[in-house]
């Protein structure tokens, strides 16, 4: 049982504290990342190797075989974190410039947790076509593209087109990252309550980018489409809604789920969706009280509650526990069972970059989720531990290895190292990144200003 009163006050106060401290420190450090040289520069002659005249030879080699850009340059480990700033965190459409601190934060996590070099790239793109054109034009510079904070349904169109038109992995973290982390948590939560994904009724509160992607991934993993009950701002999705024809035109992804989910034809809102459900996965607007305590009581025995809105979950976790929830997860690090895509994207890209993969598939996301779930299971599942935390860095090694091997199995990798070779490369990249940072901290070159 989670102690509610103290944590509730603490949660609200801490949010304001983090805001103030973050603004102060961003100003003092003037950003979070920088470029560092990784080759020796000892004397003037070294520039003849790294720049002119020596650099002409790698360029000639790449002109004959463009794939050598993954071997002779940093492209192999470089991704772009791309956004148009139209749906940033819980802030909405704040524009590309204002999105930069968030993209830079993602780049920090990529490097520290996955050993991946990431470039924050907010762009000004008014349409899907313009967005796609910009990203296609920068493909030669990167080994992968991480899409971020794009409004719905624009994000679906952009992801679908770029996955088809680029020859490097494209990933939309708000969709696929959240879906993968949620599946991992749900796999273990269902083990704790002794239920199977094929049997449970799942209420999904919110029908935006993350929950639409989550619903599709759950279905591919074995959930029955008819057992999913999805709720958007207008109520439960079903095939007879007044706006169903409009949905088919404006958001075909939501339309498809409206047609194939909710086999019983439930109507109403959140309360009606939760009645008799085994699981609720909420990724809607910040709470509290988006989900009422009484509604959790109407769920099936030993319900699972994932309330993932930030900074305040749709229902406080202790209220869900008091209402009978067996397993409760949120998106916050200060509560147990944080379901966060930060557990996914650094290792996902570490794995695909280490084998020079050409894409990230749903099969790879499922393997990743299963591996992440197994990692926690090996540590010992509890109601307050269904998924690893970001401090368990070896989880990133295991998941990166699994996804890299899956890419090789699917035939979409440019390299096919052995399991041992791939494991060594992944460990080297992650450990090297963390060690360099720790060395800079110890030396005082990175100053601790608070």
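The values are calculated or read from the model by the stated rules, or taken from the named source; none is laboratory data. Everything numeric here is computed off the predicted structure, so don't read it as measured data. A quick note on method: Cβ atoms are made from the backbone with ideal geometry, for glycine too, and the neighbour counts reach across all protein chains shown.
Summary table
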item	result
Residue list for region 270-285, filter: surrounded by fewer than 15 Cβ atoms within 10 Å (Cβ to Cβ) and over 19 Å from residue 209 (Cα atoms)	271
Qualifying helices (runs of 4 or more DSSP H) (wholly inside region 331-445; at least 1 residues being without any contact (Cβ under 8 Å) to a residue 60 or more places away in the chain and surrounded by 17 or more Cβ atoms within 10 Å (Cβ to Cβ))	362-379, 394-410, 419-443
Unique match (being surrounded by 12 or more Cβ atoms within 10 Å (Cβ to Cβ), modelled with pLDDT of 90 or more and part of a helix (DSSP H, G or I)) among 23, 68	68
Filter pass, residue 79 being in contact with a strand residue (DSSP E or B) (Cβ under 9 Å, 6 or more places away or on another chain), farther than 29 Å from residue 438 by Cα and either in contact (Cβ under 8 Å) with a residue 12 or more places away in the chain or not in a loop (DSSP other than H, G, I, E, B) (or both)	no
So residue 187, is it in a helix (DSSP H, G or I), modelled with pLDDT of 95 or more and assigned by TED's automatic domain parsing to the domain that holds residue 282	yes
Among the candidates 222, 265, residue that is over 25 Å from the mean Cα position of the chain (by Cα) and either surrounded by 14 or more Cβ atoms within 10 Å (Cβ to Cβ) or modelled with pLDDT of 95 or more (or both)	265
